[in-house]
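Here's a structure for you.
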Amino acid sequence: MPAGRSAAPWIGRPGPLPVAIAVAIGIALAPGLDRLGVDAWPRWLVCAAVVAGWHRRRAVVLVAGLAFGAARGARPEPVAPPGVIADDRIADRVTGVVRGPIVHGPHGDGALVDPAPGPAPGPGSGPGSGPGGGDGIWLWSSGRLVPGEQVVATGLVHAPRGLRDPAVPDHAAAIHARGARLELTAQQIVHQGDAGGLTFAAWRWADATQRRWTRAIDDAGAGADPLGAAALRGIVAGDRGEVPAALDDRWRAVGIFHVLSVSGLHLAVVAGLAYSVLRRLVAASPWGGRCRPARWAAPPALVLAVAYTMITGAQLATLRSLAVIALVLIAQLLDRPLRLVDALGLAALAILAWRPADLLDPSFQLSFVAALTLAMRPAGDGERARGVRGWLVRGIASSAWVALTTAPLTAYHFHQIAVGGVVGNLVLTPAVELVALPLGLAGAALGLGPAIALASWIVGLADRGAGLLAQVTPVGHVAIAGATTMVGLTALALWLATRDHRAPGGARGRAIAWAALCLVWTLGRTPPPAGALRVTFLDVGQGDAAVIELPGGAVWLIDAGGAANAGELAQAAAPGRAIDRVIAAYGHARIDLAILSHPHPDHYLGLAGIETPIDELWTADEAAGNHQPKAERQAAQVRSPPTLPGFAEIAAGLAARGTRIVHPALGVVRTEPGDAAGDDGDGDGRASGDTGGGDGRVELVVWAPRYQPAPGAPAVCATDPVRTVNDNSLIVALRYRGRTILFAGDLEAEGEDDLVAAGVGPADIVKVPHHGSPTSSTARFVAATHPQLAVISCGRGNAFGFPSPAVVARWQAAGAAVARTDRDGAVTATIDATGSLEIDRFVP
C-alpha cells in the first residue's frame, strides 16, 4: 500500500477519527450556545454552508463536523404530552408504549415510553384516555416492564436533573442518552396489552430470552457459587440486578468492573467466536473451495452480534462495539481492508449522530479511549518476544497504557484510580471473558446446567482473586474537578501512548509531554485562593448542606441533606455521596467539623452516605426535663420513614468510626487558625468586638438554640422543651475579615424573634431559614440581617411549594440578591484575604 494512503480508500481524508473528534467538540459546545440563546437552525446553516463549499480539505471537513455537532447537540426545552405539566406537584397520567431495551435493576425496571396521541384526561377518565404526544419519557417502575406494552403510568413528570454541584455527575445527561427528555417514577401502572409491529416483537423476544437466560443461571449456578451466579447474570445476560454492592466494590478496586456488564469486549468475544466457527464450517463444506469463507461467514455473524446486543439490553459500550464489529464484518463481506482506528472513528460518528448525549456517558468515554489506546499503540519491545514472556510483556504494557489513558476519566467520573487494573485485566479478565463467558452463554442458550455451574464457579474464583488483589493494590482516591482538565489529561496520555518510545528521535517532545501530564494532574483539584474563606451552599435537593473551607485548610460542614421520601437508605443518603465528591474535588481528605442544625431527615440522612472521615459532630444539647407534651408531639416529626434509620442510629455509627459528638456552648466557640477555644463570648451569643474576624481569624459563633433553665438564669445552648424542632435549630455564624455569614437552619417565626432579641445583627449572607417557607423569614428577621445575598436551599418542584413567592419578595425588597439551589445549583461565596466578597453560581 502506498505510504500515506488510508487502508479504507472510500473514506478519504481526513479520516473518520478527526471528524468524530470535531463532532464531539461541537456537541460539548452546544450547551454554551444554548445558554447564549443561539438557536439550532443557525448551526445547521453553518454546517450546510460548509458542506456546500466542500473541497475535501481537512479544515473544511473538520469545521463541518464541528457545526454538525453543535447543531445536533442542541437541547431545546422538553415538550410534555398534552395535559401534563412537568415539574409541578400534581400527579400526571401518561399513556404510551414501552420501547426496548429494558434496564433491569435491583429496584425495578426502567424504559423509554413513547406517549401515544390522545386527549388529556378529564375527571373520571378511564384507563385508556391518558395524555399523549410530546417528547419521550423515561419511566421507572418497581414492577416488570415489557417492550411493546401499552401502559398508563401515574406519577410526577419532571425534567431530569441531578444535583448541580461541582464534580457531581449530570443525571440529565444519562436520561438524555437514553433518548428521553422527561422522567417519571410510577406510583401506579395499568397494563393495557401489547402493541403490534415487528420492532416491538423483536424487543419482546429479546426481553423474554434475557429472562430465560437469567432463570437458567439462577437455577444452575446458585448451587455452585451464589456470588458467582449473581455476577454471571450481568456478564452473560446484562442483568446486574442481583450483583451485591460489595462485589461491585472489589471488582472496581482491581480495575475489572467493566466485566460485570456486557461490555464491548464481551460482544467482540461472542462475535469473534461466531465468525471463526462459521468461517471454518463454510471452509469445511463442499462449497468451501469455490467461495471465500469469510464473505459467507460475515452476514450470519453480524446477525448473531445484533441479536446478542438486543438480548443483553443494548448497553452503550455494546453498541459501540457492535458498530465496530459491523464495519469489520462488512469490510470482510466486501473484501475491503479497514483499519481499526477508522472503524472506531466511524462507530463514534454513528453513535454521536444518533444520540449526541452519549458523549457525556462515562461508558462511552472509557470504552472509546481504551479501544483507541489499543488500536493506536505502536509495537513495543514485547512484540518481538515470543512465548510466555512475549505474552506477559505485551499484556502488561497494553494494560498499563490503557490504565494511564483512562485514569483521568475514572478520576473525574468516579474519583478513583484502580492501580490493580494493570494486573486485574491481565490475570482475571481473560478468565472471565475467554472462559466463563463462553461457558455461561452456551449453558444459558442451550440449557446446559453443568456449563453454567462451571462458569459460576470460575466467576466466583475470579471474585475471590479480586478480593485478594484489592488488599495489595488499594484504590487510589484521586479527584478531578473540571471536565476541561480531564480532556487535557486524556489527550496528553493518548499522545504519549501512541508514540514509539523505541525511536531515537522525539525524546525531548516526550519528556515535555510527561512533564505536562504531571503538571496538569496537580491542577485537577480546585482549592480556594490562598488566604480565602470559601463557603459552598450545595444543591442537595430538598434539604440543606454547606461546605466551608477555612484559610488554614480545615473543612467544616453544616448539615448533610437527605432524601426523606426515599424508600431505602442508599437513595436517602445520596446527598452525602455528592458531598464526598465535592470535598475530594476541592482537595480535602477529611471533615474537621460537621454541624447538624436539627434532626430532620432532609438535614441528617446524608451523613449516612459520607465516607470522608468526620472528626467532630456538633448537635444541640437536650434540655433537662424535656418531657413536655409539645416535645413529644415534635419527636414524631423527626422520625425517618420506617425503612430508614433515625438520627440517633446514624450518630452512633459515626461515633463508632471515631467521630466525637459534641454539644457546643453559646458565643464564639471556635477560632481558626488555631485550636478550638472555649466560650470566648459573654454567654449571650455576642462575640467580643463588633467586627469579629476582622483580624484575619475565622470566628464560629453559636447563636441558638437558647434555653433558660430557670427565670433569670443565663441562657444555655440547649433545646427548649416547649418549642418545635425547627425553632430549636442550632444556629451558627461565620465571621472573617469583617464579613458575616449566618446559617439559620429551619427557624420559624418564634425562633427568629428569639434570635433578633438575642442581638443578631447584619450579615453579608444569610442561609434563608426553612427553605423559604412562609412560616419563616419574618419582616423583623429580614430587617435585622438585611444581607447582600439570601441563599435558599430547596429542591426543584418540591412537595411543599418552597420557596414562597412572598418570602422571595421580602428578601429582595430588603436589598438582597436571592440565590436558589433549585435553579442556580451550588452557590459559592469566597471571602479573600482583603475582605472582598465574590459570589458564583453553578448554573450561570
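The values are calculated or read from the model by the stated rules, or taken from the named source; none is laboratory data. None of these values were measured; they are calculated from a predicted model. Cβ sites come from the backbone with ideal geometry, for glycine too, and all protein chains shown count toward neighbours. Just so you know, the surface numbers come from the protein's heavy atoms only, side chains and all, with ligands and any DNA or RNA stripped out. Shrake-Rupley method; radii C 1.70, N 1.55, O 1.52, S 1.80 Å.
Starting from the range 243-255, take each residue that is free of Cβ contacts under 8 Å to residues at least 40 places away in the same chain and list its partners that are of a type in the set (Gly, Ala, Ser) and open to solvent by less than 50 Å² (accessible area, probe 1.4 Å), counting only C-beta distances under 7 angstrom and pairs at least six apart or across chains.
Qualifying pairs under 7 Å: 243/230; 243/231; 243/234; 244/230.
OK, next. Only one of these is in a loop (DSSP other than H, G, I, E, B) and free of Cβ contacts under 8 Å to residues at least 12 places away in the same chain: 32, 37. Name it. Please lay out each step first, then the result.
Values: 32 fails: in a loop (DSSP other than H, G, I, E, B).
Sole residue among the options that is in a loop (DSSP other than H, G, I, E, B) and free of Cβ contacts under 8 Å to residues at least 12 places away in the same chain: 37.
If you scan the range 641-674, which residues turn out to be among the small types (Gly, Ala, Ser), within 16 Å of residue 616 (Cβ to Cβ) and assigned to a loop (DSSP other than H, G, I, E, B)?
Just the residues of the range 641-674 that are among the small types (Gly, Ala, Ser), to begin with: 646, 648, 651-653, 655-656, 658, 665, 667, 674.
Adding the requirement that they be within 16 Å of residue 616 (Cβ to Cβ) leaves 651-653, 655-656, 658, 665, 674.
Of everything in the range 641-674, those that are among the small types (Gly, Ala, Ser), within 16 Å of residue 616 (Cβ to Cβ) and assigned to a loop (DSSP other than H, G, I, E, B) turn out to be 658, 665, 674.
In this structure, is residue 570 farther than 21 Å from residue 732 by Cβ, out of contact with any strand residue (DSSP E or B) (no Cβ under 7 Å at 6 or more places or on another chain) and surrounded by fewer than 24 Cβ atoms within 10 Å (Cβ to Cβ)? Spell out how you get there, then give the answer.
Working: farther than 21 Å from residue 732 by Cβ: yes; out of contact with any strand residue (DSSP E or B) (no Cβ under 7 Å at 6 or more places or on another chain): yes; surrounded by fewer than 24 Cβ atoms within 10 Å (Cβ to Cβ): yes.
Yes, satisfied.
Can you confirm whether residue 221 is modelled with pLDDT under 85, under 19 Å from residue 109 (Cβ atoms), open to solvent by less than 20 Å² (accessible area, probe 1.4 Å) and not aliphatic (A, V, I, L, M)?
Working: modelled with pLDDT under 85: yes; under 19 Å from residue 109 (Cβ atoms): no; open to solvent by less than 20 Å² (accessible area, probe 1.4 Å): yes; not aliphatic (A, V, I, L, M): yes.
No; evaluated as a whole, the condition is false for this residue.
Can you tell me which condition residue 538 does not meet? The list is (1) more than 18 Å from the chain's Cα centre (by Cα); (2) of a type outside the set (Ser, Thr, Tyr); (3) open to solvent by less than 10 Å² (accessible area, probe 1.4 Å), and all the others hold.
(1)
So, in the range 81-113, of the ones that are among the charged types (D, E, K, R) and over 24 Å from residue 239 (Cβ atoms), which residue ends up surrounded by the most Cβ atoms within 10 Å (Cβ to Cβ)?
Looking only at the range 81-113, we keep the residues that are among the charged types (D, E, K, R), and these are 87-89, 92-93, 99, 109.
Pick out the ones that are also over 24 Å from residue 239 (Cβ atoms) and you get 87-89, 92-93.
On the way: 87: 15, 88: 13, 89: 11, 92: 24, 93: 21.
Residue satisfying both the conditions and the ranking: 92.
Test residue 462 against the stated conditions and say whether it is crowded, with 19+ Cβ neighbours inside 10 Å and either at pLDDT below 85 or of a type outside the set (Val, Ile, Thr) (or both).
On the way: crowded, with 19+ Cβ neighbours inside 10 Å: yes; either at pLDDT below 85 or of a type outside the set (Val, Ile, Thr) (or both): yes.
So residue 462 fits the description; yes.
Mind checking whether some residue in the range 810-817 is in a helix (DSSP H, G or I) and either closer than 19 Å to residue 538 by Cβ or open to solvent by less than 10 Å² (accessible area, probe 1.4 Å) (or both)? Quick ask: steps written out before the conclusion?
Taking the range 810-817 as the starting set, the residues that turn out to be in a helix (DSSP H, G or I) are 810-813.
Subsequent filtering for residues that are either closer than 19 Å to residue 538 by Cβ or open to solvent by less than 10 Å² (accessible area, probe 1.4 Å) (or both) retains 811.
Yes; the residues of the range 810-817 include at least one that is in a helix (DSSP H, G or I) and either closer than 19 Å to residue 538 by Cβ or open to solvent by less than 10 Å² (accessible area, probe 1.4 Å) (or both).
Looking at 100, 108 in this structure, which one is at positive phi, touching a strand residue (DSSP E or B) at 6+ places or on another chain (Cβ under 8 Å) and at pLDDT below 85?
Working: 100 fails: at positive phi.
Checking each option against the conditions leaves just 108.
Which condition breaks for residue 144 when tested against (1) out of contact with any Gly (no Cβ under 7 Å at 6 or more places or on another chain); (2) open to solvent by 50 Å² or more (accessible area, probe 1.4 Å); (3) over 30 Å from residue 209 (Cβ atoms); (4) modelled with pLDDT of 85 or more?
Looking at each condition in turn, residue 144 falls short on (3).
Another question, if that's okay. I'd like the residue in the range 42-69 that is at pLDDT below 75 and of a type outside the set (Gly, Ala, Ser) and, out of all such residues, is surrounded by the most Cβ atoms within 10 Å (Cβ to Cβ).
It comes out as 50.
Across the range 281-312, what is the number of residues that are of a type in the set (Gly, Ala, Ser) and at pLDDT 85 or above? Walk me through it before giving the result.
So the first thing to find is which residues in the range 281-312 are of a type in the set (Gly, Ala, Ser), and the list is 283-285, 288-289, 294, 297-298, 301, 305, 307.
Now drop any that are not at pLDDT 85 or above, which leaves 297-298, 301, 305, 307.
Qualifying residue count for the region: 5.
Select from the range 732-755 the residues that are farther than 16 Å from residue 775 by Cβ and aliphatic (A, V, I, L, M) and list them in ascending order. Before you say what the answer is, go through the steps one by one.
First, the residues of the range 732-755 that are farther than 16 Å from residue 775 by Cβ: 732-743.
Within the range 732-755, 732, 733, 734, 741, 742 qualify.
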